[in-house]
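The values are calculated or read from the model by the stated rules, or taken from the named source; none is laboratory data. The shown structure was predicted, so the numbers you read here are calculated from the model rather than taken from an experiment. Cβ atoms come from the backbone with ideal geometry, glycine included; neighbour counts cover every protein chain shown.
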Amino acid sequence: MAQILVRNLDDRLKTRLHSRAKRHGHSMEAEAREILHNALLVEEAPAGGLGTEISNMFRGVGLKEGEEIPELRGFTMEVPDFES
């Protein structure tokens, strides 16, 4: 099994890890292993470009194929008169 050494760990973080391990009945090492295991269970999908991300947000939303927007068909744009 592989090993890692974590240097320069904040004292408050170490105290919180110790408290959490004690609550769960684990050693600090076992608790740290559990935290790492849970944090890395799901692999994050690589982020795409902005257009890809926006497209993914709205996937499945909107018009169906062949569907029209009836209220915009035949609409004539009128330029407003700002002088009156």
For the range 19-32, give me the residue count where each residue is loosely packed, with under 13 Cβ neighbours inside 10 Å and either hydroxyl-bearing (S, T, Y) or assigned to a helix (DSSP H, G or I) (or both). 7
If you scan the range 7-18, which residues turn out to be within 11 Å of E29 (Cα to Cα) and hydrophobic (A, V, I, L, M, F, W, C)? L17
Qualifying residue in the range 26-44 (condition: hydroxyl-bearing (S, T, Y) and either at pLDDT 90 or above or touching a Cys at 6+ places or on another chain (Cβ under 9 Å) (or both)): yes
Yes/no for A47 being among the small types (G, A, S), at pLDDT 85 or above and at negative phi: no
Any chance you could count how many residues in the range 27-84 are farther than 30 Å from V6 by Cα and not small (G, A, S)? 28
Can you tell me which residues in the range 33-84 are in a helix (DSSP H, G or I), within 15 Å of the chain's Cα centre (by Cα) and surrounded by 10 or more Cβ atoms within 10 Å (Cβ to Cβ)? T52, E53, I54, N56
